[in-house]
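Enquirer: Next up is a structure, given as structure tokens.
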Amino acid sequence: MELTPYVEKLRAELAVAAETGGAEARALAERLAVPLESAIRLTLLEAISAAADEITRDLAPGSVEVRLRGLNPVFVVNTRQSPPDEHPAAPAAPAAPAWDDAAGEKGATSRINLRLPDELKARIDEAAARERLSANSWLVRAAAAALDTAAAPRPAARPGGAGLGQRYTDWAR
């Protein structure tokens, strides 16, 4: 994505705004335009990164990354949980569904407060870092995978001890 047209547009808008202040304001705007260019680029990159984070939350288990190539950002869309060469034995997580909220909007998000033991939080942060995700994105994937696994049908116990090693509990009268 080329940022130069956006930077130039802001520079032109600054010049137009300075015209109303006369020759002195115009000269000041011209002197400020060059040093402000790097600040403008940085602000645009921060906005793009924030947008990529929001998109990643909605794409779980996929993700969107912003990388710099020279002065310009490049978007990298990952549709898998992790590249096959990084974790060859790890099964791919199932795709997270687009959840429907009460109003019927797909992809809406909700905020919750979650208290975790420090040790568990550290382990989550490490796992997220290994997959190059935020802790929030990692937790969304983990929750979706756990729910998908819990909803999957489980094999029935077979008579004659075929289920040895499994434990069953129930109430009896």
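Enquirer: Quick one: what pairs do we get from the stretch 123-146, first residue assigned to a helix (DSSP H, G or I), second β-branched (V, I, T) and open to solvent by less than 60 Å² (accessible area, probe 1.4 Å), C-beta under 8 Å, 6+ apart or different chains?
Expert: A135/I124; S137/T56; W138/I124; L139/I124
Enquirer: Taking the stretch 133-168 on its own, how many of its residues are modelled with pLDDT under 60 and either among the small types (G, A, S) or on the phi > 0 side of the Ramachandran plot (or both)?
Expert: Total satisfying the criteria: 7.
Enquirer: Still on this structure, I have one more. Given (1) at pLDDT 75 or above; (2) out of contact with any Lys or Arg (no Cβ under 7 Å at 6 or more places or on another chain), where does V76 come up short, assuming only one miss?
Expert: V76 satisfies every listed condition except (2).
Enquirer: Give the residue, chosen from E46, E30, E24, E54, that is closer than 20 Å to E131 by Cβ, surrounded by fewer than 16 Cβ atoms within 10 Å (Cβ to Cβ) and of a type outside the set (G, A, S).
Expert: E54
Enquirer: Given I55, I40, I48, which one is over 23 Å from the mean Cα position of the chain (by Cα) and part of a helix (DSSP H, G or I)?
Expert: Exactly one residue qualifies, and that residue is I40.
The values are calculated or read from the model by the stated rules, or taken from the named source; none is laboratory data. In this text the structure is predicted, and so the values were computed from the model without any measurement. Cβ atoms come from the backbone with ideal geometry, glycine included; neighbour counts cover every protein chain shown. Each accessible area value is taken on the protein alone, full model and side chains, heavy atoms only, with ligands, DNA and RNA left out. Shrake-Rupley method; radii C 1.70, N 1.55, O 1.52, S 1.80 Å.
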